[in-house]
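One structure below.
Nothing in this text is a laboratory measurement; each read-out follows from the coordinates by a stated rule. Worth saying up front: this structure is predicted, and the values here are computed from it rather than measured. Quick reminder, even Gly has a Cβ in these numbers, built from the backbone with ideal geometry, and neighbours come from all protein chains shown.
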Amino acid sequence: MSRGAEVIVAGAGALGLSLALALADAGCRVTVCDPADEPQASAVAAGMLAPVFEAVLDPGSAGDLDLWLAARNLWPALAARTGIEIDRSGAAAVGSPAWLATVRSGLTLLGLRGAELPRNLLDDLAPGLAPGFQGLLVREDWRLQPRPALAALRRAATAAGVGFRAERVKAPGGSDFLVVATGADPGLAGALPLLGALTPIKGQILRFADLRCGPLSLRGEGAYAVPAGEGLAVGATMEPGLADTTVDPSALAPLWKAAERMLPGIANAAFVASAGVRATTADGLPRVGFSATPGVILAVGARRNGWLLAPLVARIVTACITGRDPGSYAQRLDPARFERTP
C-alpha cells in the first residue's frame, strides 16, 4: 500500500498514539478510536524504559535484551518529535547483599556490568533506603512520565492531522486498514480471533504524593519505586487473568510489604492506589503485524513493556501499511508465530 492509506487505529494508549503519529508522518489519513473514559494501562504505568532490568529481573526475558535495547534506542527520536521528556538518570537494583549477587550474576550472563554504589552515595541518590541495603546502578534504563507523555503524543498526533473519535470499532469499515492497539479488549475478541489468545494482566500501583526517593528508579525484590511527577510511584502487582480496574487491598499487601522493606519510611505515608489492565501472549512479546483477518493489523500484547516498545511497534506497523521493510524484529513479533508448524 502506498502513502495516503486511510487507517483507523483502535486504542489511544502508548502504542496506539505512537503508531498513529508515525502513520500520519508517513502520509496516511489516520483516525484514533477509543471509547474508554477510565485511564488506560499506559496512564497507570510507571513509565520505565528498562531494557536491562527487564531482561535481568523478569524470568524468560533475558533472550530478548536485543529487542528491548533496539526499542529503547528509538526513543530519542520520538521524544524529539513530540517533546516528551526522557530521564536518563538510570536505575539501581537495591537490596540485600545476597539478592544483589543474583542481579550481578544476571548482568554478567548478558555481558553487562553495573556500577557499585557506595552506601554514602546511595544515601544521596536513594534517601530513605533501608539500612544494610546495597545498590547497583545501570545507565541503560530510562524513564518518562506517562500522563504527560500521553498528552504530548496526542498533541503531536493532532497537529499531524490525526482525528479522534470516542467509540469502539471492530472492522476496517470504509478504511483501508484497522490497527488494533487495544490490549485484551473483550469487546473485540469475538470479531478478531487472535485477540482471544491474549491473557489480561491486572496491575496495581501505589502513588505517594508526599514522598521522594531521589533521582533514580529503584528496583528491589518484589517492588520498584520510581520518581513520578511530584511524588513516588511504587509498583506493581502482576495478576494474570484479571481484567477489572478495581483496587484490591488484599492483592496489594505483598507489594506494600516489599516496598516497606526497601523504603521503611513509607509505613505511615498516605497513598493513592490505582489499577490498569495489560495484555500478554504466551511468550511475553506482543503480536505486531498483519492478522488473519483481511485489512486488520495487530499491535497488542506488550505485557508491561508498552511504553518501551511503542516506537518499535510504530515502525513495524507503519512499514506494513506503507510497504516498507519492517526490519529485523518483525518476524519475532509476527502475530502468526504461535500458529506456525515447527
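Remarks
- Least to most buried among T158, T82, T108, T182 (fewest other Cβ within 10 Å first): T108, T158, T82, T182
- Charge-dipole axis of the chain as Lys and Arg at +1 and Asp and Glu at -1 on Cβ define it, positive-most pick from A26, G306, L78: A26
- Residue-wise HN-Hα coupling along the stretch 92-99, computed from phi with Karplus coefficients 6.51, -1.76, 1.60 (Hz; x: Gly, Pro): 10, 7, 10, x, 5, x, 5, 5
- Gaussian network model of the chain, springs between alpha carbon atoms under 10 Å - residue of A41, A152, A310 with greatest fluctuation: A152
- Here the Karplus relation 6.51 cos²θ - 1.76 cosθ + 1.60, evaluated at θ = phi - 60°, turns the backbone of the stretch 126-135 into coupling constants of 9, x, x, 5, 4, x, x, 6, 10, x Hz, with x for every Gly and Pro.
- In order through the stretch 148-159: 3J(HN,Hα) via Karplus (6.51 cos²θ - 1.76 cosθ + 1.60), integer Hz, x for Gly, Pro: x, 5, 4, 5, 5, 4, 5, 4, 5, 5, 4, 5
- When the Gaussian network model of the chain links Cα atoms closer than 10 Å, the mean-square fluctuations of P286, P215, P118 top out at P118.
- Inter-label distance, nm, simple model (7 Å from Cα along the C-beta direction), A77/D244: 4.4 nm
- Exposure proxy ranking, count of Cβ atoms within 10 Å, fewest first, for K257, K202, K170: K257, K170, K202
- Sequence-distant residues sharing a close amide H with R165 (under 5 Å, placed H): V32, C33, D34
- Residue among A77, A314, A275 with the largest mean-square fluctuation in a Gaussian network model of the chain, springs linking Cα atoms under 10 Å: A77
- This ranking places S291, S105 by how few other beta-carbon atoms lie within 10 Å of each, fewest first, which gives S105, S291.
- With helices as the sole contributors, the chain gives -9500 deg cm²/dmol at 222 nm; each DSSP H run of n ≥ 4 counts as -39500 (n - 2.57), and the sum is divided by every residue.
- Two-site FRET efficiency, D210 against W99, from Cβ-Cβ distance with R₀ of 41 Å, rounded to 0.05: 0.90
- Dipole of the chain computed with +1 at Lys/Arg Cβ and -1 at Asp/Glu Cβ about the Cα centre; of A181, V44, T280, farthest Cα towards the positive end is A181.
- Segment T199..A270, full-extension length gain: 22.3 nm, with 0.36 nm per residue of separation and the alpha-carbon distance subtracted.
- Between the amide H of R29 and those of G4, A5, E6, V7, distances stay under 5 Å, these residues lying 5 or more places away or on another chain, with hydrogens modeled in the peptide plane.
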